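Student: The structure under discussion is supplied below as structure tokens; questions concerning it will follow.
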Amino acid sequence: MIQPIKKLSLCLLICAAAIAGCSIVKTDKAQSIDESSTKSPGLKIKRELPAKCTTQKYTAEELFANSKNGIAVVLTNSGVGSAFVVKHENNSTLLVTNAHVVGGNSVVTLKWEDGSRDQAAVVKTGDAESLDNDLALLEIPGNTGKVLQIKKEGVNTGADIVAIGAPRGLEFTITRGIVSAHRQNGRVIQIDAPINPGNSGGAVLDQTGCVVGVATFIREDSEGLAFAISSGQLRYFLSTGVITRSNVHALSNSASLSSDSNESRNGRPKCWFQQTAGGDLEAASCTVSSRKNNNGHIVYDLNEVLSGIKRTIVLWQDDKAEILMNGKVYIGIWWTDSDGDIRVSVNGGEFAFVMPESIAKEQDLDRKADQIFYERYPELKGQVLGSSNGKLAKEWMNIRDSLK
């Protein structure tokens, strides 16, 4: 009878280890120096992993020393898992872990080997219930950690491997074993290295130091039966787009007038920004909230999750936009594009954002109230109405309320 399989569910952090700080080791040497080549008896020359996968083999000690800076512990309210760096791009660092490690979180905490911490956005998830797609992609700003190379070719049955993770909360632990078999048409590899809750999402390396799998689940009530998503399946996951989560732009602001969750309509991104002058708009992790100023007008707050940059925006009826950022006010123009999103052009650049339907209705009420009010008082168009307790502001609010 086949025993049920058990995902490496998150475990509570039951212990804390004092970790010594360590700087990232960099090398521009394409060829590693053989350990036996020494200038004096008993002196070992440190061998560093090359920038690409090769056939050079390393000891478990060398693999850990050269890979630990690319490993992170994933901390959530539920417990602990593991992750590892797969890419540096656009001044950001991308890491892989398991989907069941991040659970429903849109932001998780990463702890590095030197004890430092980062907040990572969850930018993509697979299926936490799947045997071969239980993967998630994390992103933090800046180039942090060491990129671990992913093996292009499949790993052979019987090959020696090591797994690095945080089993039972014991951070930065290395275990070793072999590849016992290939499952799911090669999408999953079976290994006998000791794996426990907390190892989930950790890197499985072969002797060349390349990632051959992502530790994912074990067979319940058994020993030596652990499984990892293969490097080929990992490569496929990384090549199939960036944002798949419907709630990737979570961290909703309770001050929002909208009761909608912080996901856009039809699962689309909520914000787009130009990364370079004149370049295309690119989707970004952000939150959009709204509030009313003293004049009863809606003010929009756009917060970029990764950079922390906040833009406060007021959209006027005459297509003028006021943008407050870093304590300075910028004047631009705004319009609604063919997708129904709001675009703002300011200082030679553009950004765009989606408003929940309920906020769009509020804005429509504002426009109608403005139209009626300024037909009565055309000389006041474009002027501030004063305190919300003032006569004119109250009249504007009465007009708006009558339109609901």
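The values are calculated or read from the model by the stated rules, or taken from the named source; none is laboratory data. Keep in mind that what you see is a predicted model, and the values were worked out from it rather than measured. Cβ coordinates were reconstructed from backbone atoms using ideal geometry, including for glycine residues, and neighbour counts include every protein chain displayed.
Student: Identify all residues within segment 64-103 that are surrounded by fewer than 18 Cβ atoms within 10 Å (Cβ to Cβ) and hydroxyl-bearing (S, T, Y); write none if there are none.
Tutor: The answer is T76, S78, S92.
Student: Now for a separate question. Name the residue that is farthest from L281 (Cα to Cα), counting only residues in segment 350-362 that are crowded, with 16+ Cβ neighbours inside 10 Å and at pLDDT 65 or above.
Tutor: Once the filter is applied, the top-ranked residue is E362.
Student: Can you say whether S180 is among the small types (G, A, S), part of a strand (DSSP E or B) and surrounded by fewer than 23 Cβ atoms within 10 Å (Cβ to Cβ), as far as the supplied structure shows?
Tutor: Considered against the rule, which asks whether it is among the small types (G, A, S), part of a strand (DSSP E or B) and surrounded by fewer than 23 Cβ atoms within 10 Å (Cβ to Cβ), S180 comes out as yes.
Student: State which residue pairs qualify: first residue touching a residue at least 60 places away in the same chain (Cβ under 8 Å) and inside segment 146-170, second residue among the acidic types (D, E) in any location, beta carbons under 7 Å apart, and separation of 6 or more residues or different chains.
Tutor: K151/D206; V155/D206
Student: Name every residue in segment 366-385 that is within 15 Å of I298 (Cα to Cα) and at pLDDT below 75, in order of residue number.
Tutor: V384, L385, listed by residue number.
Student: When you check S200 against the structure, is it farther than 16 Å from D160 by Cβ, among the small types (G, A, S) and crowded, with 18+ Cβ neighbours inside 10 Å, yes or no?
Tutor: yes
Student: A further question on this structure: Limited to segment 133-145, what total is found for residues that are in contact with a Ser or Thr (Cβ under 8 Å, 6 or more places away or on another chain), touching a residue at least 60 places away in the same chain (Cβ under 8 Å) and surrounded by fewer than 23 Cβ atoms within 10 Å (Cβ to Cβ)?
Tutor: Going through segment 133-145 one residue at a time, the tally reaches 3.
Student: Going residue by residue through segment 167-177, is there one that turns out to be on the phi < 0 side of the Ramachandran plot, part of a loop (DSSP other than H, G, I, E, B) and over 19 Å from the mean Cα position of the chain (by Cα)?
Tutor: yes
Student: Step by step: first the residues of segment 151-173, then only those that are in contact with a Lys or Arg (Cβ under 9 Å, 6 or more places away or on another chain) and at pLDDT 95 or above, then the one that is surrounded by the fewest Cβ atoms within 10 Å (Cβ to Cβ). Which residue is that?
Tutor: Filtering segment 151-173 for residues that are in contact with a Lys or Arg (Cβ under 9 Å, 6 or more places away or on another chain) and at pLDDT 95 or above, the one surrounded by the fewest Cβ atoms within 10 Å (Cβ to Cβ) comes out as D160.
Student: Still on this structure, please answer the following. Looking at segment 104-117, can you tell me whether even one residue there is closer than 22 Å to V212 by Cβ and surrounded by fewer than 16 Cβ atoms within 10 Å (Cβ to Cβ)?
Tutor: Within segment 104-117, not a single residue is closer than 22 Å to V212 by Cβ and surrounded by fewer than 16 Cβ atoms within 10 Å (Cβ to Cβ).
Student: Under 7 Å by Cβ, and 6 or more places apart or on different chains, what pairs join a residue from segment 314-338 that is under 13 Å from E350 (Cα atoms) with one that is surrounded by 10 or more Cβ atoms within 10 Å (Cβ to Cβ) and of a type in the set (F, W, Y)?
Tutor: A321/W334; I323/Y330
Student: Among the candidates V80, V73, V102, V107, single out the residue that is among the β-branched types (V, I, T), modelled with pLDDT of 95 or more and in the same structural domain as G213 (by TED's automatic domain parsing).
Tutor: So the residue among V80, V73, V102, V107 that is among the β-branched types (V, I, T), modelled with pLDDT of 95 or more and in the same structural domain as G213 (by TED's automatic domain parsing) is V73.
Student: Which members of segment 183-203 meet the condition of being part of a strand (DSSP E or B) and more than 15 Å from V214 (Cβ to Cβ)?
Tutor: None; the set is empty.
Student: How about segment 290-304: which of its residues are modelled with pLDDT of 80 or more and over 17 Å from the mean Cα position of the chain (by Cα)?
Tutor: V299, Y300, D301, L302
Student: Could you please find all residues in segment 60-91 being among the hydroxyl-bearing types (S, T, Y) and touching a Ser or Thr at 6+ places or on another chain (Cβ under 9 Å)?
Tutor: T76, S78, S82
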